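Novice: Here it is: the structure, laid out below.
The values are calculated or read from the model by the stated rules, or taken from the named source; none is laboratory data. Keep in mind it's a predicted model, so treat the numbers as computed, not measured. Neighbour counts are summed over all protein chains in view; Cβ atoms, including those assigned to glycine, are modelled from backbone coordinates with ideal geometry. Accessible surface is based on the protein model in full, side chains and every heavy atom, while ligands, DNA and RNA are left aside. Shrake-Rupley method; radii C 1.70, N 1.55, O 1.52, S 1.80 Å.
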Amino acid sequence: MSEPFNTWQARFEKLRSNKLFEAVVIAIIVISALVIGAKTYEETSRIEQWLLYLDIAVTIFFLIEILIRMAAERTLLSFFKKGWNVFDFLIVTASLIPMDDSEMVLLARLLRIFRVLRLVSMIPELQMLLNALVKSVPRMGYVVLLMFIIFYIYAAIGSFLFHTVDEGLWGNISLAMLTLFQVATFESWATAVLYPTMEVYPYAWIFFLTFIFLNAFIFLNMMIGIVLDVMQKESALLDLENDDGDAAQMKGLRSDVRDLRAQLDRMESALAQRDGHSPQKDSVSNHTDH
């Protein structure tokens, strides 16, 4: 690569890693989210044109910012190797869809909403949380499957026993599962479900308490444990990456110092040659004079 390209690439890389630049990008993302929210109020119809101008300015800023991040990479392919970079590129590209009275206006508005998700790509801690959530889903799938089996068994029992109490709650197994979901979320379950059922079946509390114990205490805690375990691993991985980044930065600084020393030595040698004598000759002549 040519020297000017390396110089500009280093400048863009320094700008991309600048904390102030990152803070400005995060602030613009928040402003973009506020603009999207403001458009949902009828009171903002008076300043709709100004909101449109502000949206255009935000879109242009995002375009410039993604171009800076692309220019900061040594190759364009290395930029697209990172999943978050691909995500940001798609969001920014989708934001370029003009918001006029065409058929694409609804799609353009929907895509602009997803610009808020760029906060995740800008903040490493949010990336860690999202990665932990994604990696937890397969392991939680087995817990969800077991919960569904328990739901199905209890719903079948409830529809057999309590259908005479309230057909709207226990009329069939699907209604019974919805009722049990209400019970599991503790949404007015005692007054709407438990007490009316106990008026007919006094020992119905055994049915509900065992169901709540299984779902609210055992299965829910199992899910929390899975998420915490994955989050702990992702946090350790993030710390390791930060340590590697610091080590690479220190290595780069040492390399820069060595290069600077080599350049100073070359400059000193060139100056000595230009003066027509070497530093060794100077020392010899001075010693002779004395």
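Novice: Which is farther than 24 Å from L110 by Cβ, part of a helix (DSSP H, G or I) and either open to solvent by 90 Å² or more (accessible area, probe 1.4 Å) or out of contact with any Pro (no Cβ under 7 Å at 6 or more places or on another chain) (or both), of Q49, Q9? Full working, then the answer.
Specialist: Values: Q49 fails: farther than 24 Å from L110 by Cβ.
Residue meeting the stated conditions: Q9.
Novice: Can you give me the number of residues within the stretch 13-23 that are open to solvent by less than 60 Å² (accessible area, probe 1.4 Å) and of a type outside the set (D, E)?
Specialist: At the first step, the residues of the stretch 13-23 found to be open to solvent by less than 60 Å² (accessible area, probe 1.4 Å) are 21-23.
Of the ones still in play, those that are also of a type outside the set (D, E) are 21, 23.
Looking only at that region, the number is 2.
Novice: Under 7 Å between Cβ atoms, which residue pairs at least 6 apart in sequence (or on different chains) link something in the stretch 212-224 that is closer than 9 Å to A184 by Cβ with a partner that is outside any helix (DSSP H, G or I) and at pLDDT 85 or above?
Specialist: Note: no pairs meet the criteria.
Novice: Please state which of the following conditions L129 fails to meet, knowing it meets all the rest: (1) open to solvent by 70 Å² or more (accessible area, probe 1.4 Å); (2) free of Cβ contacts under 8 Å to residues at least 60 places away in the same chain.
Specialist: (2)
Novice: Would the stretch 58-67 turn up any residue that is assigned to a helix (DSSP H, G or I), modelled with pLDDT of 80 or more and within 18 Å of Q127 (Cβ to Cβ)?
Specialist: yes
Novice: Considering V165, V144, which residue is open to solvent by less than 80 Å² (accessible area, probe 1.4 Å), at pLDDT 85 or above and not in a helix (DSSP H, G or I)? Full working, then the answer.
Specialist: Numbers: V144 fails: not in a helix (DSSP H, G or I).
It is V165.
Novice: Considering E187, E199, which residue is within 21 Å of F213 (Cβ to Cβ) and of a type in the set (D, E, K, R)?
Specialist: Working: E199 fails: within 21 Å of F213 (Cβ to Cβ).
Exactly one of E187, E199 is within 21 Å of F213 (Cβ to Cβ) and of a type in the set (D, E, K, R), namely E187.
Novice: Just give me the residues in the stretch 188-198 being under 18 Å from G171 (Cα atoms) and either open to solvent by 80 Å² or more (accessible area, probe 1.4 Å) or free of Cβ contacts under 8 Å to residues at least 24 places away in the same chain (or both), in sequence order.
Specialist: Keep residues of the stretch 188-198 that are under 18 Å from G171 (Cα atoms), which gives 189, 192-198.
W189, A192, L194, Y195, M198 - these are the residues of the stretch 188-198 that are under 18 Å from G171 (Cα atoms) and either open to solvent by 80 Å² or more (accessible area, probe 1.4 Å) or free of Cβ contacts under 8 Å to residues at least 24 places away in the same chain (or both).
Novice: Does V183 fit the bill of being assigned to a loop (DSSP other than H, G, I, E, B), at pLDDT 85 or above and β-branched (V, I, T)? Let's see the steps before the verdict.
Specialist: On the way: assigned to a loop (DSSP other than H, G, I, E, B): no; at pLDDT 85 or above: yes; β-branched (V, I, T): yes.
Considered against the rule, which asks whether it is assigned to a loop (DSSP other than H, G, I, E, B), at pLDDT 85 or above and β-branched (V, I, T), V183 comes out as no.
Novice: Still on this structure: Can you name every residue in the stretch 170-180 that is assigned to a helix (DSSP H, G or I) and either more than 36 Å from the chain's Cα centre (by Cα) or more than 19 Å from F160 (Cβ to Cβ) (or both)?
Specialist: Taking the stretch 170-180 and keeping what is assigned to a helix (DSSP H, G or I), we get 170, 173-180.
W170, I173, S174, L175, A176, listed by residue number.
Novice: Any idea which of (1) part of a helix (DSSP H, G or I); (2) over 26 Å from N131 (Cβ atoms) is the one S32 doesn't satisfy?
Specialist: Condition (2) is where S32 drops out.
Novice: What's the total number of residues in the stretch 132-141 that are open to solvent by 50 Å² or more (accessible area, probe 1.4 Å) and in contact (Cβ under 8 Å) with a residue 12 or more places away in the chain?
Specialist: In the first step, residues of the stretch 132-141 are kept if they are open to solvent by 50 Å² or more (accessible area, probe 1.4 Å); the result is 133-135, 137-139.
When the remaining residues are screened for being in contact (Cβ under 8 Å) with a residue 12 or more places away in the chain, the result is 133, 135, 139.
Total satisfying the criteria: 3.
Novice: Under the condition of being among the hydroxyl-bearing types (S, T, Y) and either within 26 Å of A10 (Cα to Cα) or in a helix (DSSP H, G or I) (or both), which residue from the stretch 35-46 is most open to solvent (accessible area, probe 1.4 Å)? Steps first, answer last, please.
Specialist: Initially, the stretch 35-46 is screened for residues among the hydroxyl-bearing types (S, T, Y), giving 40-41, 44-45.
Pick out the ones that are also either within 26 Å of A10 (Cα to Cα) or in a helix (DSSP H, G or I) (or both) and you get 44-45.
Numbers: T44: 26, S45: 76 Å².
Restricting to residues being among the hydroxyl-bearing types (S, T, Y) and either within 26 Å of A10 (Cα to Cα) or in a helix (DSSP H, G or I) (or both), the top hit is S45.
Novice: I153 fails exactly one of the following numbered conditions: (1) under 31 Å from the mean Cα position of the chain (by Cα); (2) more than 30 Å from M231 (Cβ to Cβ); (3) β-branched (V, I, T). What is the number of that condition?
Specialist: That leaves (1) as the condition not met.
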